[in-house]
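J.: Submitted below is the structure of interest, expressed as structure tokens.
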Amino acid sequence: MSAEVHTSTVTRTVNPFWYTCRKNPLMLAGIVVLVIILLLSLFAPLISSYEPTKINIKDRFAPPSAEHWFGTDEVGRDIFTRILYGARLSLGVGVAVVLGAGLIGTVIGSISGYFGGRIDQIIMRLMDMILAFPSLVLAMAVAATLGPNLQNAMLAIAIIKIPVYVRLARAETLSLREKLYVKAAVTFGIKPWRIITRHIIPNAISPVIIQVTLDIGDAILLVATLGFLGLGAQPPTPEWGAMISVGWKHLLDYWWYPTFPGFALFLASCAFNLIGDGVRDILDPKANR
Amino acid sequence: MLLDIKELSVEFASMQGNVKALQNISFSIEKGEIVGIVGESGSGKSVTALTILGLLEKNASITSGSILYKGRDVLVMDKREQQALRGKEIGMVFQEPMTALHPTMKIGDQLAEVIKRHRKLPHKEAYQAGIKSLAEVHIHDPELVARKYPFELSGGMRQRVVIALAMAAPPDLLIADEPTTALDVTIQYEILKLMEELSANRGTSIMFITHDLGVVAQMCKRVIVMYAGEIVEQGETHQVLQHPVHPYTRALIGALPDLADPDEPLLAIPGESPDLRRRPAGCVFASRCAQALPLCQEERPGLEPVQQQNESHYAACWVR
Ligand SMILES: Nc1ncnc2c1ncn2[C@@H]1O[C@H](COP(=O)(O)OP(=O)(O)OP(=O)(O)O)[C@@H](O)[C@H]1O
Ligand code: SF4
Ligand SMILES: [Mg+2]
């Protein structure tokens, strides 16, 4: 115990990122996997000579080989290539949706917490309504109502993610509002909107950041789930969920078709979850210890 | 008259009944005047300050009275008008300088933010004005301090920054709620001098809340003594301190630690202040008063002039 205290004081000057990675190898693993996926998808045109949507009927259902590492699908598209391009979509959409939901939820939550009263009541009842539904059911309902495409799937996922951020930001705001520096800012004459954006949100943000990193993996899965159910990205877009959706019908005959996109999905969401846990340990050392 | 409070009463709703924190208090502050407000913990000093600024908690209600600031009643103003008053007309300095500043914003940016709000300057000029205001509160290296975060500053420095922020507009009334209690004695003295100087140079009135009668003697022209949400005595500082009339004021002065003899035990006033949910029918101090008469239990004494010909010294006591 005392030795540990000692090392931690000595290594305080060390870059905190590397320090945390050393103490948390799982997070490091998550980062490594994520970086690899990102690089692969970024340089997909250099890595693969195939096009993700180019149909080549005579090569359909080719098993994994030197030519097609992960095999081909029912119209002869290279699955490896489609996974690489699909990563852009899945990761991009996952990150964008969660960031959007985090931002909107934080603003709504801090307004709710700061002003209290009627506004707070109305906002929180609305959030309770959203939370009352199982999230996937609600996302499906929203996506189905608005029409099955990627934008609507993103909107649906954002809607089910917002309440968590509203609650987090509201709880944080309620305690910050009582802080003397916020009260002092009021006496200095600073306007409510500025107090919320400059004095409350910047100091309420760390639980939101933790939640964002934890949610990205989940959002990627949700995007894929909606794609799988035909409520998200539509063919021929190379989206992992949509690929699995078509592929799993062929699982018994052509095992590679759904397996590789499934594995990619698994890796990516695992990577984000590991990173999310690590970020929580950094920003909130009290939790989980 | 800059501030004129009349018959102000404030209550807080609570589970066990309403806490009557202020009961019919009336006092006024002239332009440029420094007025001390003294009284033990829970006597309603901070509630008075927060009421003036319109910052009472949601469970508070103002049950009677008016607060005229420059002739306008702040209690009937809408939220926007009250907002316009804060900082611009009435500033406030708090007891805890350690926590009164934005923890993750640099001092210079905090000042610029407030100055921009009141003087409508572009950011750069507001920042420069902020540096100037740091110099005015006698911070020696204002450029350097402007680039620091609050946690890098000592308590005395932070209190100077808070004063600079509160005086940014500059306001005509500064409410200082025990601004030096949390500071070392030598720094306390410097901060008091600074406030006196700012008041003298700019004609700012100060409502100075404190536990410390020594500070009152040094700073304040007039003093108001509060007990259990009521004003029990008020007058020119020298009159009140040299010829206190109310037994509570006398006890307070008796409770002053004798600076010449630090070993002498502090004379605490025996007993506890009354439950503010069930105010006594008679004098609020009766339960602790050595001079109490039977009348004191039944009838509340009014705040009356101590002598017929002297209209500046008042006390609320049957015995005089
Ligand atoms: N929000 C509130 N709810 C209930 N009671 C309150 C509230 N705020 C203040 N009070 C009560 O009002 C009374 C006066 O409090 P106040 O803070 O004005 O005392 P004070 O004179 O400033 O004391 P101190 O010297 O300790 O600062 C106290 O009894 C307190 O418990
Ligand atoms: S009125 Fe009576 S109880 Fe009250 S202070 Fe005077 S003597 Fe004491
Ligand atoms: Mg107080």
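The values are calculated or read from the model by the stated rules, or taken from the named source; none is laboratory data. On a predicted model such as this, the values are computed, not experimentally measured, just so you know. Cβ atoms come from the backbone with ideal geometry, glycine included; neighbour counts cover every protein chain shown. Each accessible area value is taken on the protein alone, full model and side chains, heavy atoms only, with ligands, DNA and RNA left out. Shrake-Rupley method; radii C 1.70, N 1.55, O 1.52, S 1.80 Å.
J.: Conditions first: (1) at pLDDT below 95; (2) open to solvent by less than 30 Å² (accessible area, probe 1.4 Å); (3) of a type outside the set (Ser, Thr, Tyr). A:Pro163 passes all but one, so which condition is the exception?
T.: In the conditions (1) at pLDDT below 95; (2) open to solvent by less than 30 Å² (accessible area, probe 1.4 Å); (3) of a type outside the set (Ser, Thr, Tyr), A:Pro163 misses (1) alone.
J.: Find all pairs meeting these conditions: Cβ atoms under 6 angstrom apart; at least six residues apart or on different chains; first residue within segment B:28-46 and within 14 Å of chain A (Cβ to nearest Cβ) and open to solvent by 40 Å² or more (accessible area, probe 1.4 Å); second residue hydroxyl-bearing (Ser, Thr, Tyr) and away from ligand 3 (no atom under 16 Å from the Cβ).
T.: none
J.: Right, here's the next one. Name the single residue that is nearest to ligand 3 (Cβ to nearest atom) among those in segment B:116-140 being crowded, with 20+ Cβ neighbours inside 10 Å and either among the small types (Gly, Ala, Ser) or in the same structural domain as B:Glu190 (by TED's automatic domain parsing) (or both).
T.: My answer is B:Ser133.
J.: Next question. Would you pick out the residues in segment A:186-212 that are part of a helix (DSSP H, G or I), buried (at least 20 other Cβ atoms within 10 Å of the Cβ) and within 7 Å of another protein chain (Cβ to nearest Cβ)?
T.: A:Val186, A:Thr187, A:His199
J.: Right, next: Show me the strands (runs of 3 or more DSSP E) found entirely inside segment B:148-256 where at least 1 residues are among the aromatic types (Phe, Trp, Tyr) and within 24 Å of B:Glu272 (Cβ to Cβ).
T.: The strands (runs of 3 or more DSSP E) meeting that bar are B:222-227.
J.: Scan segment B:57-68 for residues that are open to solvent by less than 40 Å² (accessible area, probe 1.4 Å) and either within 16 Å of ligand 3 (Cβ to nearest atom) or within 11 Å of the chain's Cα centre (by Cα) (or both) and report the count.
T.: 1
J.: Just to be sure before I move on: is B:Glu143 out of contact with any Asp or Glu (no Cβ under 9 Å at 6 or more places or on another chain), touching a residue at least 12 places away in the same chain (Cβ under 8 Å) and over 23 Å from B:Ile90 (Cβ atoms) in the structure I sent?
T.: Spelling it out, B:Glu143 is indeed out of contact with any Asp or Glu (no Cβ under 9 Å at 6 or more places or on another chain), touching a residue at least 12 places away in the same chain (Cβ under 8 Å) and over 23 Å from B:Ile90 (Cβ atoms).
J.: Right, here's the next one. Anything in segment B:191-246 that is surrounded by fewer than 19 Cβ atoms within 10 Å (Cβ to Cβ) and within 16 Å of ligand 3 (Cβ to nearest atom)? List them, or say none.
T.: B:His211, B:Asp212
J.: In addition: Condition (residue is in a loop (DSSP other than H, G, I, E, B), within 16 Å of ligand 3 (Cβ to nearest atom) and modelled with pLDDT under 90) applied to segment B:304-320: is it met by at least one residue?
T.: The answer is no, given that none of the residues of segment B:304-320 is in a loop (DSSP other than H, G, I, E, B), within 16 Å of ligand 3 (Cβ to nearest atom) and modelled with pLDDT under 90.
J.: Is at least one residue of segment A:217-225 without any contact (Cβ under 8 Å) to a residue 40 or more places away in the chain, open to solvent by 20 Å² or more (accessible area, probe 1.4 Å) and charged (D, E, K, R)?
T.: no
J.: Something else: Could you say which residue among A:Leu226, A:Leu231 is away from every other protein chain (no Cβ under 14 Å), in a helix (DSSP H, G or I) and under 30 Å from A:Ser90 (Cβ atoms)?
T.: A:Leu226
J.: Could you check how many residues of segment B:286-309 are in contact (Cβ under 8 Å) with a residue 24 or more places away in the chain and more than 10 Å from ligand 2 (Cβ to nearest atom)?
T.: Adding up the residues that qualify gives 2.
J.: Do you know which residues across segment B:82-115 are more than 16 Å from B:Pro179 (Cα to Cα), within 10 Å of chain A (Cβ to nearest Cβ) and open to solvent by 50 Å² or more (accessible area, probe 1.4 Å)?
T.: Correct list: B:Ala84, B:Lys88, B:Pro103, B:Thr104, B:Asp109.
J.: Please verify whether B:Ala286 is farther than 27 Å from B:Gly32 by Cβ and either within 16 Å of ligand 1 (Cβ to nearest atom) or at pLDDT below 90 (or both), treating the condition exactly as stated.
T.: No: the conditions fail for B:Ala286.
J.: Further question: Taking helices (runs of 4 or more DSSP H) that do not extend beyond segment A:42-148, which have at least 1 residues that are without any contact (Cβ under 8 Å) to a residue 24 or more places away in the chain and open to solvent by less than 50 Å² (accessible area, probe 1.4 Å)?
T.: Counting at least 1 such residues, we get A:79-115, A:117-132, A:135-146.
J.: Please state which of the following conditions B:Pro244 fails to meet, knowing it meets all the rest: (1) within 16 Å of ligand 2 (Cβ to nearest atom); (2) within 16 Å of the chain's Cα centre (by Cα).
T.: With (1) within 16 Å of ligand 2 (Cβ to nearest atom); (2) within 16 Å of the chain's Cα centre (by Cα) applied to B:Pro244, the lone miss is (2).
J.: Checking A:Ala66 against (1) modelled with pLDDT of 85 or more; (2) out of contact with any helix residue (DSSP H, G or I) (no Cβ under 7 Å at 6 or more places or on another chain), which test does it fail?
T.: (1)
J.: Look at segment A:169-185 and say how many of its residues are within 10 Å of another protein chain (Cβ to nearest Cβ) and open to solvent by less than 60 Å² (accessible area, probe 1.4 Å).
T.: Matching residues across segment A:169-185 total 5.
J.: From the residues in segment B:162-198 that are more than 14 Å from chain A (Cβ to nearest Cβ) and among the acidic types (Asp, Glu), which one is farthest from B:Lys88 (Cα to Cα)?
T.: Taking the candidates together, the pick is B:Asp184.
J.: Within segment B:146-166, can you find the residues that are surrounded by fewer than 21 Cβ atoms within 10 Å (Cβ to Cβ) and among the aliphatic types (A, V, I, L, M)?
T.: Result: B:Leu153, B:Met157.
J.: Still on this structure, I have one more. Are any residues in segment B:48-57 within 14 Å of chain A (Cβ to nearest Cβ) and either near ligand 1 (Cβ under 9 Å from one of its atoms) or under 15 Å from B:Ile224 (Cβ atoms) (or both), and if so, which ones?
T.: Passing the criteria: B:Ala49, B:Leu50, B:Thr51, B:Ile52, B:Leu56, B:Glu57.
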